[in-house]
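To start, the structure under review is shown below, and the notes come after it.
Taken together, the values in this text are just the output of simple stated rules run on the coordinates, not laboratory data. Just so it is clear, the structure is predicted and the values come from calculations on it, not from any experiment. Glycine also receives a Cβ, built like all others from the backbone with ideal geometry; neighbour counts cover every protein chain displayed.
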Amino acid sequence: MILVDTGPLYAFFNKRDQWNWWVGKTLGEYEPPAFTSKNNQKRIQQILTNYQNLPALFADACLVRMAEVHNSTQIMTFGSDFTIYRKSGGEPLNLISPF
């Protein structure tokens, strides 16, 4: 599985970004499994909407969605907001965290 940082993800969704073409071409060269928000965009937007009172970032919502899709996923974070985020069924995230 390829984990993609937020910079390339932003470029992928922003058609005006100078790297949009490169990210699309490069991701197309890899075989699944790969997590992209293409088929997950609606759920990611729901997560952002559900937590609009927090400083929820696109990257945070993607990590929550990955945890939903890959149930055994653990998220290493220093972000205390991850203790508030929940999977779609209300289940807390499995965190590796100092708090």
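Structure data summary
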read-out	value
Meets criteria (more than 16 Å from LEU9 (Cα to Cα) and either surrounded by 13 or more Cβ atoms within 10 Å (Cβ to Cβ) or of a type in the set (A, V, I, L, M, F, W, C) (or both)) for GLU91	no
Members of the stretch 81-99 that are under 17 Å from LEU57 (Cα atoms), of a type in the set (Ser, Thr, Tyr) and free of Cβ contacts under 8 Å to residues at least 24 places away in the same chain	THR83
Filtered residue count, the stretch 67-87, keeping only those that are surrounded by 13 or more Cβ atoms within 10 Å (Cβ to Cβ) and among the small types (Gly, Ala, Ser)	2
Residue that is farthest from the chain's Cα centre (by Cα), among those in the stretch 41-66 that are surrounded by 13 or more Cβ atoms within 10 Å (Cβ to Cβ) and of a type in the set (Val, Ile, Thr)	ILE47
